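The values are calculated or read from the model by the stated rules, or taken from the named source; none is laboratory data. These numbers were taken from a predicted model, which means no experiment stands behind them. Here the Cβ is made from the backbone with ideal geometry for all residues, glycine too, and neighbour counts use every protein chain on show. Each accessible area value is taken on the protein alone, full model and side chains, heavy atoms only, with ligands, DNA and RNA left out. Shrake-Rupley method; radii C 1.70, N 1.55, O 1.52, S 1.80 Å.
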Amino acid sequence: MESLTGIQGECRIYSDRIDTHDHPFAQLILPLQGSLFIETSQHELELDDARLFFLPPGCLHTFYAKQTNEFLVLDIPTIFLTQANTNYLKGGLVATIDGRWQAVRSLLLAELCDISGTPDLTNLFQYAYRLLLKDCVPRSLQYIHANYYQSIRLETLAKLEGYNVTYYCEWFKKITGTSPKNYIQTIRLAKAKELLLSSHLSVLDIAQQVGYEHHASLTRLFQQREGMTPLSYRQQIRRLDK
C-alpha cells in the first residue's frame with residue numbers, strides 16, 4: 001500500500017541526470033520556468049510553459065532537464081483518482097495551459113505559500129482533474145464520472161457515443177479493459193475510500209452518496225475488491241496516517 005494518504009505539493013527543480021522510474025501515486029506537473037524532457041509509453045515531449053502533464057500511478061517514465069527550471073508538482077494518492085484504468089490514461093495526459101490552468105496554478109501556489117496552516121490541496125486538485133477528464137475523455141465516460149452516484153443505463157451511455165448497446169459494450173471494454181458495470185463500481189469505490197478517509201460519515205451515508213441505496217451493497221463491493229469492510233478500511237488507513 002502506498003504511504004501517501006493526502007495530496008502533497010511543492011516546487012521542484014530537476015537536474016540534467018537522466019532518471020527512469022515509476023511510483024504508486026499520480027503526479028500533476030505544472031511548469032513555472034524552464035523545461036523538462038519526459039517520456040512514457042505514449043508520450044515523448046518537452047514540457048514547457050505552454051503545456052502541463054498528468055502522470056498516472058505506476059507509469060514508467062524517463063525525465064531530465066537541460067536548463068534552469070522549476071515546476072509545481074502535486075503527488076496524488078490513488079484514492080483521490082476516480083478515473084478507472086484506461087488505455088488513453090496509462091501513458092499520461094498532456095494539456096495546454098490556458099486561462100483556466102493559469103488560474104489553477106496561481107491558486108495552488110497561493111495555497112502552498114500560505115503559512116497559516118497545512119495546505120489543503122484536495123478541492124483544487126479535484127477541479128483540475130475534472131478539467132483534464134473533460135478535455136481528454138469520451139462523452140460517455142464523462143457522463144459516468146458526473147453521475148456515478150445515480151442509476152446509469154447502458155442505453156444512455158451508448159447513445160452518447162452513437163452506438164448500439166452491444167457494440168458500445170465491446171468498444172468500452174477495448175478502451176478501458178473492463179465492462180461499464182465494473183468501471184462504475186471502480187469509481188464508486190474510489191469515492192467511498194475518499195469519504196472514509198476525509199469524513200466521519202457513516203457507511204450508510206457514504207453508500208448513499210456514491211450510488212447505493214443500502215450499506216450492504218458498498219460493504220459487499222469492499223469485501224470483493226479490498227478483502228475487508230469499509231470500517232476496517234477506514235481504521236487501517238487512519239492507523240497508517242498517525
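Here are the numbers for this structure:
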item	result
Subset tally (residues that are closer than 14 Å to Arg12 by Cβ, open to solvent by less than 50 Å² (accessible area, probe 1.4 Å) and among the β-branched types (Val, Ile, Thr)) for the stretch 59-76	1
Hits in the stretch 173-200 (condition: open to solvent by 50 Å² or more (accessible area, probe 1.4 Å) and over 20 Å from Leu154 (Cβ atoms))	Ser198, His200
Single unsatisfied condition, Ser232 versus (1) crowded, with 16+ Cβ neighbours inside 10 Å; (2) closer than 21 Å to Gly6 by Cα; (3) not β-branched (Val, Ile, Thr)	(1)
Top-ranked residue of the stretch 1-26 - restricted to ones that are out of contact with any His (no Cβ under 9 Å at 6 or more places or on another chain) and among the polar types (S, T, N, Q), ranked as modelled with the highest pLDDT	Ser15
Helices (runs of 4 or more DSSP H) fully within the stretch 132-242 counting 3 or more residues that are closer than 23 Å to Asp120 by Cα	180-198, 230-241
When residues of the stretch 41-61 are limited to those that are at pLDDT below 90 and touching a Gly at 6+ places or on another chain (Cβ under 6 Å), the one farthest from Leu93 (Cα to Cα)	Ser41
Residue list for the stretch 133-172, restricted to those being closer than 20 Å to Ala190 by Cβ, over 20 Å from the mean Cα position of the chain (by Cα) and open to solvent by 60 Å² or more (accessible area, probe 1.4 Å)	Gln150, Ser151
Test: residue in the stretch 140-163 that is closer than 30 Å to Glu39 by Cβ and either touching a residue at least 40 places away in the same chain (Cβ under 8 Å) or in contact with an Asp or Glu (Cβ under 9 Å, 6 or more places away or on another chain) (or both)	yes
Tally, over the stretch 4-38, of residues that are among the basic types (Lys, Arg) and either closer than 23 Å to Leu121 by Cβ or in contact with a Pro (Cβ under 6 Å, 6 or more places away or on another chain) (or both)	1
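Condition check ((1) of a type in the set (S, T, N, Q); (2) without any contact (Cβ under 8 Å) to a residue 24 or more places away in the chain) across all residues:
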{"position": "Thr68", "(1), (2)": "yes, no"}
{"position": "Ile79", "(1), (2)": "no, no"}
{"position": "Val94", "(1), (2)": "no, no"}
{"position": "Ala103", "(1), (2)": "no, yes"}
{"position": "Leu108", "(1), (2)": "no, no"}
{"position": "Ile115", "(1), (2)": "no, yes"}
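Here's the yes/no breakdown for (1) surrounded by 15 or more Cβ atoms within 10 Å (Cβ to Cβ); (2) in a loop (DSSP other than H, G, I, E, B):
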| residue | (1), (2) |
| --- | --- |
| Pro24 | no, yes |
| Leu30 | yes, no |
| Phe53 | yes, no |
| Pro57 | yes, yes |
